[in-house]
1. When you look at residue 20, is it part of a loop (DSSP other than H, G, I, E, B), modelled with pLDDT of 90 or more, of a type in the set (A, V, I, L, M, F, W, C) and touching a helix residue (DSSP H, G or I) at 6+ places or on another chain (Cβ under 9 Å), yes or no?
2. Search region 175-196 for residues being within 16 Å of residue 134 (Cβ to Cβ) and not in a strand (DSSP E or B), and hand back the single one that is nearest to the chain's Cα centre (by Cα).
3. Being buried (at least 18 other Cβ atoms within 10 Å of the Cβ), of a type in the set (Phe, Trp, Tyr) and more than 15 Å from the chain's Cα centre (by Cα): is that true of residue 31 here?
4. Pick out the one residue from 172, 159, 209, 231 that is closer than 13 Å to residue 132 by Cα and among the aliphatic types (A, V, I, L, M).
5. Restricting to region 197-233, count the residues that are over 15 Å from the mean Cα position of the chain (by Cα), at positive phi and in contact (Cβ under 8 Å) with a residue 60 or more places away in the chain.
6. All but one of (1) surrounded by fewer than 16 Cβ atoms within 10 Å (Cβ to Cβ); (2) within 19 Å of the chain's Cα centre (by Cα); (3) more than 21 Å from residue 201 (Cβ to Cβ) hold for residue 255; which doesn't?
7. Being touching a strand residue (DSSP E or B) at 6+ places or on another chain (Cβ under 9 Å), within 14 Å of residue 59 (Cα to Cα) and modelled with pLDDT of 95 or more is true for just one of 164, 160. Which residue is that?
8. Among the residues of region 23-59 satisfying the criterion of being of a type in the set (D, E, K, R) and without any contact (Cβ under 8 Å) to a residue 24 or more places away in the chain, which is nearest to residue 77 (Cα to Cα)?
Amino acid sequence: MSDRFSSIATLLDQAARTAVAVPQVSTQTPFSVEDAYGIQARSIALRCQRGERRVGIKLGFTSRAKMAQMGVDSLIWGWLTDTMMQEDGGEVALNQYIHARAEPEVCFLTRRDIDRPINLLEASSYVEAVAPAIEIIDSRYQSFKFTLEDVIADNCSSAGLVVGPWSSRVDALANLGVILRIDGRVRQCGSTAAILGHPLRSLVQASHALSAASASLPAGSLVMAGAATAAEALSSGSHVSATVGKLGTASFLAS
């Protein structure tokens, strides 16, 4: 990777560490989607050099409406690390983020290595368990404004995740009701069908994306399947919960 792209990776890494937003980078240094994933990889490598561990991946643009809005025909993805994980039911300090927002999601725990493209018929055999989850997204760009290339370089705005109780009910994910509440009030309602029609399709798409990047996921990894509703901005003192049908609820207190 060129020095200019390495410098972008360092800039975004510093923004994430210090919770200080930076200007959009693609307006000054145009780069391609392929370059963006290279920048993302370098940024994650910097985290790993400091001792963080990759624990899985997150998917973005899993809603057809979001794809159309962004003018793309495929999802995007970024890495999850151990330091992003927050305790279910615990407190999450918002001062570690810039523009923290919450999205209700479905999280998979993999049973087998994902080291090749898989299809929908075999997807469930790769899943050990599934759980309701909340992703905390946080663009490192000023005013939460970015291009497709910018957001990919910024690890697809991935910042934190809260995973609720695990369930073996992988066969019961179709069209489950999804509710995001803040301080007990319903703020977003949706369905797991908003995630590519069925959350397991996200696992299929993830396997293809990883294969294209010559990457793989070991058994025991997390896969955040993508948002079932729009995101909600967070403020200190708020209690946030996401309920996904009979799977249960994930929650945290923003502090």
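1. Values: part of a loop (DSSP other than H, G, I, E, B): yes; modelled with pLDDT of 90 or more: yes; of a type in the set (A, V, I, L, M, F, W, C): yes; touching a helix residue (DSSP H, G or I) at 6+ places or on another chain (Cβ under 9 Å): yes.
Considered against the rule, which asks whether it is part of a loop (DSSP other than H, G, I, E, B), modelled with pLDDT of 90 or more, of a type in the set (A, V, I, L, M, F, W, C) and touching a helix residue (DSSP H, G or I) at 6+ places or on another chain (Cβ under 9 Å), residue 20 comes out as yes.
2. 195
3. Values: buried (at least 18 other Cβ atoms within 10 Å of the Cβ): yes; of a type in the set (Phe, Trp, Tyr): yes; more than 15 Å from the chain's Cα centre (by Cα): yes.
Spelling it out, residue 31 is indeed buried (at least 18 other Cβ atoms within 10 Å of the Cβ), of a type in the set (Phe, Trp, Tyr) and more than 15 Å from the chain's Cα centre (by Cα).
4. 172
5. Within region 197-233, residues that are over 15 Å from the mean Cα position of the chain (by Cα), at positive phi and in contact (Cβ under 8 Å) with a residue 60 or more places away in the chain number 1.
6. (2)
7. Details: 164 fails: within 14 Å of residue 59 (Cα to Cα).
Checking each option against the conditions leaves just 160.
8. Just the residues of region 23-59 that are of a type in the set (D, E, K, R), to begin with: 34-35, 42, 47, 50, 52-54, 58.
Then keep just the ones that are without any contact (Cβ under 8 Å) to a residue 24 or more places away in the chain; that gives 34, 50.
Working: 34: 12, 50: 22 Å.
Once the filter is applied, the top-ranked residue is 34.
The values are calculated or read from the model by the stated rules, or taken from the named source; none is laboratory data. Given the structure is predicted, the values throughout are model-derived calculations rather than measurements. Cβ: placed from backbone, ideal geometry, glycine included. Neighbour counts: every protein chain shown.
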